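Notes for the one structure printed next.
The values are calculated or read from the model by the stated rules, or taken from the named source; none is laboratory data. Predicted model only: the values in this text are computed from it and were never measured. Note: ideal-geometry Cβ built from the backbone for every residue, glycine included; neighbour counts use all protein chains shown.
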């Protein structure tokens, strides 16, 4: 297969998850039912990672990911195997009526049983181009702590453990050679829906900065933050929250890169204006140019036009492109086919290259 042209000027990156192949989904079910062991599941996961990396490289992706093939979900991978969890945690309602539910921590301490560098190292074995790694933001995991507390484990102690775990998760990826580490902060927009006063968003930003401040400026240049209104089963949880309310707080995060959903935004020009007003002087912004919740595959020309529209607001030398969000953030989300996801990614790559040429990059 002839690779699609990669953008030589405007960088372009995937966000994270790619729909799992049927063979992996079948292996996950068989493992959960006790019909296959850990080694057989690990083999199926590695085959899916290898295929994901190969297909991304074949369509010319200058940066690849593992597609989150081995993660049970983008949010709860650190908890895999922990036994002090109950299933009745915070409920996340989506616009189409379905829900996701986080677990609830029942006993101390909070610890990361799985770190994201294990996924990164698996992808690096198969990649010939830079690999980025997505991690869950500590603010999301802060929702595990129950409102009525845990006996003998005050919230401050929980947050100390969470901060240490999140730092180790990010640092392990940087040390393993990640091109960039991306904090998934989808709960940022949701925070304003749950608490329009902004107090919950402020709490989340403060906690995430508590982790980010433990890194050097050089490290933070390789740490990004992704925001979107959620994306699961072709629905969202907070698309009705205005970006003009979110971005001033979000952009106070001390990160070097921001990945911002825009393709599915009802008023992208308004959002771009807010981005231009609040983007930190040191940061690069990647704008979403493909919408994983839309089954239609964007054309390269549509992507090009979205990039050109962004360039009217943002400095081109600090502009990149991405997908709005992951295509399958929860392993059981099969609303988008694997082939459709790769077709959208190809259009992103080709459209970004078209825009780069028009902008003289």
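The selection criterion, being over 25 Å from residue 171 (Cα atoms) and either at pLDDT below 95 or surrounded by fewer than 24 Cβ atoms within 10 Å (Cβ to Cβ) (or both), does not hold for residue 290. From the list 96, 51, pick out the single residue that is more than 23 Å from residue 321 (Cβ to Cβ), in contact (Cβ under 8 Å) with a residue 12 or more places away in the chain and in a loop (DSSP other than H, G, I, E, B). Every option except 96 fails the conditions.
Yes/no matrix, rows are residues, columns are (1) under 23 Å from residue 328 (Cα atoms); (2) more than 20 Å from the chain's Cα centre (by Cα); (3) not in a strand (DSSP E or B):
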residue	(1), (2), (3)
201	no, no, yes
218	no, yes, yes
230	yes, no, yes
258	yes, no, no
266	yes, yes, yes
269	no, yes, yes
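Restricting to the stretch 116-157, name every residue that is in a helix (DSSP H, G or I) and more than 20 Å from residue 195 (Cβ to Cβ). 117, 118, 119, 120, 121, 122, 123, 124, 156, 157 - these are the residues of the stretch 116-157 that are in a helix (DSSP H, G or I) and more than 20 Å from residue 195 (Cβ to Cβ).
Scanning the stretch 70-93 for residues that are within 19 Å of residue 137 (Cα to Cα) and part of a loop (DSSP other than H, G, I, E, B) turns up 70, 71, 72, 74, 75, 76, 80, 82, 89, 90.
Just to be sure before I move on: is residue 301 surrounded by fewer than 24 Cβ atoms within 10 Å (Cβ to Cβ) and over 21 Å from the mean Cα position of the chain (by Cα) in the structure I sent? For residue 301, the condition - surrounded by fewer than 24 Cβ atoms within 10 Å (Cβ to Cβ) and over 21 Å from the mean Cα position of the chain (by Cα) - is met. Within the stretch 125-135, restricting attention to residues that are in contact with a helix residue (DSSP H, G or I) (Cβ under 8 Å, 6 or more places away or on another chain) and within 24 Å of residue 255 (Cα to Cα), the residue that is surrounded by the fewest Cβ atoms within 10 Å (Cβ to Cβ) is 129.
Would you mention how many residues in the stretch 315-353 are in contact (Cβ under 8 Å) with a residue 12 or more places away in the chain, surrounded by fewer than 19 Cβ atoms within 10 Å (Cβ to Cβ) and farther than 19 Å from residue 235 by Cβ? Matching residues across the stretch 315-353 total 3.
Checked against the criterion of being outside any loop (DSSP other than H, G, I, E, B) and crowded, with 24+ Cβ neighbours inside 10 Å, the stretch 276-283 contains not a single residue that satisfies it. Among residues of the stretch 136-152 being closer than 15 Å to residue 108 by Cα and in contact (Cβ under 8 Å) with a residue 24 or more places away in the chain, the one that is surrounded by the fewest Cβ atoms within 10 Å (Cβ to Cβ) is 152.
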